[in-house]
Amino acid sequence: MIKKRPNPIDMAVLATAITALIGFGLARAGHAGVNQVIEGVHKVGIDVHIIGLKTLDTDIFKVGEKTAITIRNRPVEPPMTIEKVKHWEHLASFLAPDAKSAIAFPDPANPTAHDFLVTVSDEGEQTRDGYVVRGQKVKIGNMIDLEGFKYRATGVVVDIGPYKK
């Protein structure tokens, strides 16, 4: 009597088929994340807070210019438009003389440090769990790099929603 052993190639094909069927079943049930229902397409404003950018040029971000965006180390093409820019000196907090509160002064250790709030906009798809901009899900807390001719700055998304002028 001859004993048959399972062929490793046949086992690999069987495992692949089972995995594909499970994935197909999950996608049909709505648990795969690839079948997000798009509730609408809007012009989306993304507010990016850049803290302590060391520059002598406080007008480095110009309204109306394009800036390249990188989200999770993946470039987003084409560049987005800068809609709004707010700028202030980077502040350092010190304990007040009453020892119960804090006061803020321009940071003496970094006189060239500045904080920016830059709003960029683009078309984005709204799903039930957030906005998707050019295939990237963008949420508050995401790290984003803005890149232009003279700069590459890393900031954090502090707000995202339908763009309002």
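The values are calculated or read from the model by the stated rules, or taken from the named source; none is laboratory data. The shown structure was predicted, so the numbers you read here are calculated from the model rather than taken from an experiment. Virtual Cβ from ideal backbone geometry, glycine too; neighbours counted across all protein chains shown. These accessible areas exclude ligands, DNA and RNA; they are computed on the full protein's heavy atoms, side chains included. Shrake-Rupley method; radii C 1.70, N 1.55, O 1.52, S 1.80 Å.
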Can you tell me which residue is modelled with the lowest pLDDT among those in the range 145-165 that are open to solvent by 70 Å² or more (accessible area, probe 1.4 Å) and farther than 19 Å from Ile60 by Cβ? Lys165
For the range 111-130, enumerate the residues that are modelled with pLDDT of 90 or more and either touching a Gly at 6+ places or on another chain (Cβ under 8 Å) or of a type in the set (Gly, Ala, Ser) (or both). Ala113, His114, Asp115, Phe116, Val118, Thr119, Val120, Ser121
Among strands (runs of 3 or more DSSP E) entirely inside the range 1-96, those with 3 or more residues being of a type in the set (Gly, Ala, Ser) and either out of contact with any helix residue (DSSP H, G or I) (no Cβ under 6 Å at 6 or more places or on another chain) or at pLDDT 90 or above (or both) are 40-54
Limited to the range 87-144, what total is found for residues that are under 21 Å from the mean Cα position of the chain (by Cα) and open to solvent by 50 Å² or more (accessible area, probe 1.4 Å)? 12
Within the range 137-160, count every residue that is in a strand (DSSP E or B) and either of a type in the set (D, E, K, R) or in contact with an Asp or Glu (Cβ under 9 Å, 6 or more places away or on another chain) (or both). 11
Quick one: in the range 45-79, of everything that is in contact (Cβ under 8 Å) with a residue 40 or more places away in the chain and among the polar types (S, T, N, Q), which residue is surrounded by the most Cβ atoms within 10 Å (Cβ to Cβ)? Thr67
Any idea how many residues of the range 38-56 are over 13 Å from the mean Cα position of the chain (by Cα), closer than 20 Å to Glu123 by Cα and of a type in the set (D, E, K, R)? 2
